[in-house]
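Below is one structure, written out as structure tokens; the observations come after it.
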Amino acid sequence: MATLEDFQKLDMRVGEIIRAEGFPKARKPAYKLWVDFGEEIGIKQSSAQITDCYRLEELVGKQVLGVVNFPAMKVADFSSEVLIMGTYSEQGVVLIQPEQRVNKGDRLG
């Protein structure tokens, strides 16, 4: 069972998607995302398997929640630096987003 201390080790922040591209080299359908987490963290890239629920043209400008302190993972020829959070739902992966517009870099606590 996870403890409160385990949860507190995760650095989860709000970022804004500033660029999104298709990712045909990924083994499973995915997009390449560039997410701005504000001045402290900066822009990070992520591979996200969200193609069932989102079109590329609707992603830019969306605020998302990401874990920014995991080590980077290599996905095909792309370095995924953050884990963008979503739910594994019946229709596919649904992004976790703040209910209201907030500052880039705000922490989940």
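The values are calculated or read from the model by the stated rules, or taken from the named source; none is laboratory data. Note that the coordinates shown come from a computational prediction; the quantities given were computed from them, not determined experimentally. When we count neighbours, we look across all protein chains shown, and the Cβ atoms used for this are built from the backbone with ideal geometry, even at glycine. The accessibility values were calculated without ligands, DNA or RNA, using every heavy atom of the protein model including side chains. Shrake-Rupley method; radii C 1.70, N 1.55, O 1.52, S 1.80 Å.
Give me the percent of the accessible area of the chain that comes from carbon and sulfur atoms, probe 1.4 Å, all protein chains in place.
Result for the chain: 50 percent of the exposed heavy-atom area is carbon or sulfur.
Using the basic label-point model (7 angstrom from Cα toward the beta carbon), what is the residue 52 to residue 10 distance in nanometres?
Between residue 52 and residue 10, the label points sit 2.0 nm apart.
In Å², and per residue, what accessible area does the chain have when probed at 1.4 Å with the other protein chains present? Display every interim value, and only then the final one.
Values: 7010 Å² over 109 residues.
Ligands and nucleic acids excluded, the figure is 64 Å² per residue.
Modelled label-to-label distance, residue 87 and residue 108, 7 Å Cα→beta-carbon offset: nm?
Roughly 1.3 nm, to one decimal.
Note down the nm distance, to one decimal, between modelled labels 7 Å out along Cα→Cβ at residue 60 and at residue 2.
Spacing of the two 7 Å Cα→Cβ label points: 3.3 nm.
Grab the DSSP H runs of the chain that are 4 residues or longer, score each as -39,500 (n - 2.57), total them, divide by all residues and round the 222 nm result to the nearest 500 deg cm²/dmol.
Details: 1 runs with 5 residues, N = 109.
Roughly -1000 deg cm²/dmol at 222 nm, from the helical runs in the chain.
Evaluated at 25 °C with a viscosity of 0.890 mPa s, what Stokes-Einstein diffusion coefficient in µm²/s does segment 36-95 have when Rh comes from the Kirkwood expression over alpha-carbon pairs? Walk me through the numbers before you get to the answer.
On the way: Rh = 12.5 Å.
Estimated via Stokes-Einstein, D reaches 196 µm²/s.
Ratio to report: Rg/Rh of the chain, with Cα atoms as the point set and Rh obtained by the Kirkwood method; give two decimals.
Reported Rg/Rh, Kirkwood definition of Rh: 0.95.
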